[in-house]
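The values are calculated or read from the model by the stated rules, or taken from the named source; none is laboratory data. Since this is a predicted model, take the numbers as computed values, not measurements. So basically every Cβ, Gly included, is an ideal-geometry build from the backbone, and we count neighbours across all protein chains shown. These area figures cover heavy atoms from the full protein model, side chains too; ligands, DNA and RNA do not enter into them. Shrake-Rupley method; radii C 1.70, N 1.55, O 1.52, S 1.80 Å.
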Amino acid sequence: MSFDDWILALHVLSAFAWVAGLVVFWVLVVAVRRADTPDETVRMEPITKVGGAATGIGAVGTLLFGLWLAFSVGGYDIWDPWILAALVLWALAGGLGGRTGKAYMEGMHKARELEAAGQSGPNAELLALNRTQNGLVLHTVVSLLTVLILIDMIWKPGA
Amino acid sequence: MSTFLALSRPTEWNFPLFVHVFGAMVLVGGLLAGASTLLYARGDARFLRLGYWTLVAVALPGYVVMRTGAEWLYTKEGLDELPDEPTWIDMGYGIADLGALLVLIALIVGGIGVRRLRNGGGTGLLKATMIIAWIVLVAALVAVWAMAGKPN
């Protein structure tokens, strides 16, 4: 394997980490819709960290290794339309992903407040925060943008 | 070598490749989500069920889509006509076959575990499911490396 082959393998592994993180968040998005107690909500926090780590490593890895390949591999240029499209989609997905995290963390913060206040029973406000429509729409859009990046990477329009 | 292949790939391979990669990504995501949920469940029946059903509803369909794409691509690329298969194909098939067996064992063992949760048992069986899921996840990542880097 050449050095570029290793970088390509790491680029693809990063893409897998990114999507794996999104899948982890999809499972949590579905599960948290039934969570109306602070305990049930807070118990999901370690799993959100797994998803956050996977998407974080994936996002940074795909960008860095992808940029390396764009400059290093003959036949690819950074201004190729499909590479520019991938960079735009990456930035959009990253920005919206951050907003998704904020939307869902409101429920987590509320659960911590309720726990600190000694309230352990079901709470309608917490359930409403956990069922955030804004977060659901944002996560759906981020997932669709990620699928578009995958399509762009495979079909390479304009290459 | 693989970077050259990526540059020169015929366009009719793209859709089967998309199906293969998309399925593999869902499989890896399902394994990570299911194994992580089982890991952090700490005996809580709700989270143990969530982890198990994530493996059933996400990882298993992901495997089927990945494998369908793999077979499609295998014949489309004419790899089935090669006298000697490249190492990365052997690795991919080996890990996919062994992974399928392990996933099946994990789901059967976990299914019994989930049934036993009603009577307060089953956590040990679901722990076994979790360990198998982590092993398959690591093996799947090795397969991804082999498919992308194409050693030899």
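Table for the structure above
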read-out: At most 14 other Cβ within 10 Å, DSSP loop - trypsin sites (Lys or Arg not before Pro), the range A:12-113; value: A:Arg33, A:Arg34
read-out: Between helix B:87-117 and chain B: long-axis angle, C-alpha atoms, 0 to 90°, nearest 10; value: 20
read-out: Dipole of chain A, positive direction: furthest Cα of A:Ala124, A:Val29, A:Ser72, with charges on the beta-carbon; value: A:Ala124
read-out: Long-range amide H partners of A:Val73 with built H, under 5 Å; value: none
read-out: Peptides B:104-111, A:119-126 ordered by average Cβ neighbours within 10 Å, highest first; value: B:104-111, A:119-126
read-out: Interface size A-B, as summed buried accessible area [1.4 Å probe, Å², nearest 100]; value: 3200
read-out: Simple Cβ-charge dipole of the range A:33-159, Lys/Arg +1 and Asp/Glu -1, about Cα centre, in debye nearest 20; value: 100
read-out: Charge context of A:His11, other residues only, Cβ under 11 angstrom, K/R +1, D/E -1; value: -2
read-out: Degrees, to the nearest 10: B:60-76 long Cα axis against longest axis of chain B; value: 10
read-out: Under 13 Å, Cβ to Cβ, from B:Thr129 - net charge with Lys/Arg +1 and Asp/Glu -1; value: +4
read-out: Average beta carbon contacts from partner chains per residue of A:10-21, 10 Å cutoff; value: 6
read-out: Per-residue mean of C-beta atoms belonging to partner chains within 10 Å, peptide B:33-46; value: 4
read-out: Percent accessible area from carbon and sulfur atoms, the range B:80-120, protein chains only, probe 1.4 Å; value: 59
read-out: Segments B:28-39, A:132-143, A:54-65 sorted - mean Cβ within 10 Å per residue, highest first; value: B:28-39, A:54-65, A:132-143
read-out: Of B:Trp53, B:Trp13, B:Trp88, the one that fluctuates the most in a GNM where chain B has Cα springs shorter than 10 Å; value: B:Trp13
read-out: Span from the the range A:96-136 Cα centroid across to the the range B:78-112 one, whole angstrom; value: 41
read-out: Total charge dipole magnitude, the protein assembly as shown, about the Cα centre, Cβ charges on Lys, Arg, Asp, Glu only, Debye to nearest 20; value: 1300
read-out: Sulfur and carbon atoms: percent of accessible area, the range A:12-159 [1.4 Å]; value: 69
read-out: Number of partner chain Cβ atoms within 10 Å, mean per residue of A:52-65; value: 0
read-out: Three-way shape label, the protein assembly as shown, alpha-carbon gyration tensor, a/c 1.5; value: oblate
read-out: Unsatisfied cross-links (Cα-Cα over 22 Å) in the set B:Lys76/B:Lys150; A:Lys102/A:Lys156; A:Lys102/B:Lys127; A:Lys156/B:Lys76; value: A:Lys102/A:Lys156; A:Lys102/B:Lys127
read-out: Note, ³J(HN,Hα) from phi for the range A:130-146, Karplus 6.51, -1.76, 1.60, rounded to Hz, x at Gly and Pro; value: 5, 9, 3, 6, 4, x, 5, 5, 4, 5, 5, 5, 4, 5, 5, 4, 5
